[in-house]
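First up is the structure itself, then whatever we jot down about it.
The values are calculated or read from the model by the stated rules, or taken from the named source; none is laboratory data. Note that the structure is predicted; figures quoted are calculated from it, not measured. Here the Cβ positions follow ideal geometry from the backbone for every residue, glycine too, while neighbour counts run over all protein chains shown.
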C-alpha cells in the first residue's frame with residue numbers, strides 16, 4: 001500500500017486555471033515518487049466535487065472566495081474551510097502525513113486538530129508571514145486578536161514535525177519562533193513550460209501588432225492591495241509625460257484593486273498601458289513572448305520583503321529582465337545575478353533611468369535575460385525543488 005499524504009490547500013490551482021500552482025507541482029511529484037496524494041481545497045461552485053487530476057485526487061469544497069471580498073467575508077471563508085476541511089479529512093483513512101500550506105494561517109488549525117484528535121503528523125508550509133502581513137497592512141488592528149493570532153502561529157509551528165519556508169526572510173522569522181526543523185524551499189521555476197526556446201516569438205495576434213515595436217514591461221498576477229500597482233501606473237504616467245514612447249506596459253490579472261486601477265489609468269489618459277484579463281499558464285506564455293521585462297510589485301512594507309512570488313520565478317524561467325520594487329532577498333537575487341534591477345517604489349524616475357540602457361542596448365538586455373534563465377535552471381528548477389520536498393516527506397513517513 002502506498003503511503004497516503006493528505007494535502008490541505010484552500011486555494012489549489014491547476015495550470016489551466018492559472019495563478020500559483022506550486023501545490024500542483026508538489027502533488028504531482030509526490031505521486032510520481034510513490035505516494036498516494038489526496039488534496040482538500042475549495043471552489044466557487046455550490047456542491048462538493050471529487051476530481052482525479054493526473055495522478056492524484058482533489059476534493060473540492062463549496063466555499064466561495066475572491067480577492068474582491070471584504071475582510072469579514074474573507075475571514076468567514078477561512079473559518080468555513082477550516083471546519084469543512086477537518087470534516088472531510090476525517091473521512092479519509094490511512095493518512096500517513098498531513099501537508100498543510102498557508103495562506104491563510106487557519107489551514108494550520110485543521111492540521112492541529114488532525115494531530116490532537118487523530119494522531120496525524122503534519123508539515124506546515126509557510127508561503128507568507130501570517131498574521132504579520134495583515135497586521136502591517138492594518139487589516140487586523142484589534143490588539144487582542146493580534147495576540148491570539150501570534151499565539152496560534154507559534155502553536156502551529158511548534159506542533160508541526162517540520163516547517164517549510166518559501167524565502168530566507170520567512171525562514172529566519174520562523175527559526176525565532178520554534179526549534180522544529182525548518183527547510184528553505186522557495187517557489188519554483190517551470191523551465192519546461194516557460195523555456196524561451198519553446199516560445200514562438202513571431203506569433204502576434206492582429207490586435208497586438210502595435211506591440212511589436214514596443215519595449216513591453218509586464219506585470220501579471222493578483223491586482224490586490226498588497227501589490228500596490230499604483231507604483232506602475234505612476235511610472236507609466238511619467239514615461240508618457242516624458243515621451244518615452246518605446247515603453248509600453250501590460251497589467252495581466254484580476255483582483256480587488258482592478259476597478260480603481262482602471263479608473264486611475266483612465267483619469268490620467270494613459271495611452272502606454274493596457275489591462276489584460278487573468279490568463280491560464282498556457283495563455284500567459286503568449287503575452288510573455290511579447291514581453292521584454294516583468295515588474296514584480298508589492299506594497300512598501302517590511303513583511304512583504306520576505307515574499308516568494310511565483311510570478312518572479314515564472315519570469316526567470318521565461319528569460320525576462322526582472323524588475324523588483326521590494327528590497328530584501330529578491331533585490332539581492334537580481335542584483336547579484338545581473339538578471340534585473342531594483343526600482344524604488346516611491347521614485348518612478350529611477351525606474352525610467354535604470355531601464356533606458358536595456359531599451360537602447362539589445363546586447364545588454366540579452367545578457368541579463370540569459371542570466372535570468374540560467375538562475376531559473378540552476379537554483380529554482382521545479383524538479384530539483386520538488387525533490388527537496390519529497391526528501392522532507394520521506395523522512396517523516398518511513
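One residue stands out among those in region 343-376 that are closer than 18 Å to residue 324 by Cβ and not in a helix (DSSP H, G or I): the one that is farthest from the chain's Cα centre (by Cα), which is 347.
Results for (1) surrounded by 21 or more Cβ atoms within 10 Å (Cβ to Cβ); (2) more than 19 Å from residue 233 (Cα to Cα); (3) at pLDDT below 95; (4) in the same structural domain as residue 209 (by TED's automatic domain parsing), shown as yes or no for each residue.
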| position | (1), (2), (3), (4) |
| --- | --- |
| 339 | yes, yes, no, yes |
| 343 | yes, no, no, yes |
| 348 | no, no, no, yes |
| 374 | no, yes, no, yes |
| 388 | no, yes, no, no |
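Within region 275-293, the presence of at least one residue that is closer than 20 Å to residue 189 by Cβ and assigned to a strand (DSSP E or B) is confirmed. Here is a check on your reading of the model: is residue 104 assigned to a loop (DSSP other than H, G, I, E, B), on the phi < 0 side of the Ramachandran plot and buried (at least 19 other Cβ atoms within 10 Å of the Cβ)? Yes: the conditions hold for residue 104. Take the residues in region 248-269 that are under 22 Å from residue 205 (Cα atoms) and over 18 Å from the mean Cα position of the chain (by Cα), then tell me which one is surrounded by the most Cβ atoms within 10 Å (Cβ to Cβ). Checking each candidate, the answer is 249.
Residue count for region 251-262, restricted to those that are in contact with a helix residue (DSSP H, G or I) (Cβ under 8 Å, 6 or more places away or on another chain) and assigned to a helix (DSSP H, G or I): 1. Going through (1) assigned to a loop (DSSP other than H, G, I, E, B); (2) within 21 Å of residue 349 (Cβ to Cβ); (3) touching a residue at least 12 places away in the same chain (Cβ under 8 Å) one by one, residue 204 falls short only on (2). Sub-8 Å Cβ pairs linking a first residue in region 54-73 that is at positive phi to a second residue that is assigned to a helix (DSSP H, G or I) and surrounded by 14 or more Cβ atoms within 10 Å (Cβ to Cβ), at least 6 apart or interchain, are 54/28; 54/31, ordered by first then second residue. Looking for something assigned to a helix (DSSP H, G or I), modelled with pLDDT of 95 or more and more than 22 Å from the chain's Cα centre (by Cα) - is there at least one such residue anywhere in region 119-142? Within region 119-142 (the criterion being assigned to a helix (DSSP H, G or I), modelled with pLDDT of 95 or more and more than 22 Å from the chain's Cα centre (by Cα)), the answer is no, since none of the residues qualifies.
Exactly one residue out of 182, 204 is at pLDDT 95 or above and either buried (at least 18 other Cβ atoms within 10 Å of the Cβ) or over 30 Å from residue 384 (Cβ atoms) (or both), and it is 182. In region 215-250, of all residues being part of a strand (DSSP E or B) and touching a helix residue (DSSP H, G or I) at 6+ places or on another chain (Cβ under 7 Å), the one that is nearest to residue 366 (Cα to Cα) corresponds to 215.
Yes or no, residue by residue, for (1) at negative phi; (2) without any contact (Cβ under 8 Å) to a residue 60 or more places away in the chain; (3) within 22 Å of the chain's Cα centre (by Cα); (4) surrounded by fewer than 19 Cβ atoms within 10 Å (Cβ to Cβ):
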| residue | (1), (2), (3), (4) |
| --- | --- |
| 239 | yes, no, no, no |
| 243 | no, yes, no, yes |
| 275 | yes, yes, yes, yes |
| 280 | yes, no, yes, yes |
| 292 | yes, no, yes, no |
| 307 | yes, no, yes, no |
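Summed over region 1-17, residues that are closer than 25 Å to residue 76 by Cβ and outside any strand (DSSP E or B) total 6.
Within region 151-174, which residues are assigned to a helix (DSSP H, G or I) and surrounded by 15 or more Cβ atoms within 10 Å (Cβ to Cβ)?
Correct list: 152, 153, 155, 156, 157, 159, 168, 169, 170, 171, 173, 174.
The residue of region 188-201 that is modelled with the highest pLDDT, among those that are part of a helix (DSSP H, G or I) and more than 21 Å from residue 24 (Cβ to Cβ), is 196. For beta carbons closer than 7 Å, sequence separation of 6+ or different chains, a first residue in region 146-158 that is in the same structural domain as residue 114 (by TED's automatic domain parsing) and a second that is at pLDDT below 95 and assigned to a helix (DSSP H, G or I), the qualifying pairs are 146/135.
Per the listing 109, 170, the residue uniquely in contact (Cβ under 8 Å) with a residue 24 or more places away in the chain, outside the structural domain of residue 333 (by TED's automatic domain parsing) and within 30 Å of residue 373 (Cβ to Cβ) is 170. Of the residues that make up region 74-82, is at least one assigned to a loop (DSSP other than H, G, I, E, B) and either in contact (Cβ under 8 Å) with a residue 24 or more places away in the chain or out of contact with any strand residue (DSSP E or B) (no Cβ under 7 Å at 6 or more places or on another chain) (or both)? Looking through region 74-82, none of the residues is assigned to a loop (DSSP other than H, G, I, E, B) and either in contact (Cβ under 8 Å) with a residue 24 or more places away in the chain or out of contact with any strand residue (DSSP E or B) (no Cβ under 7 Å at 6 or more places or on another chain) (or both).
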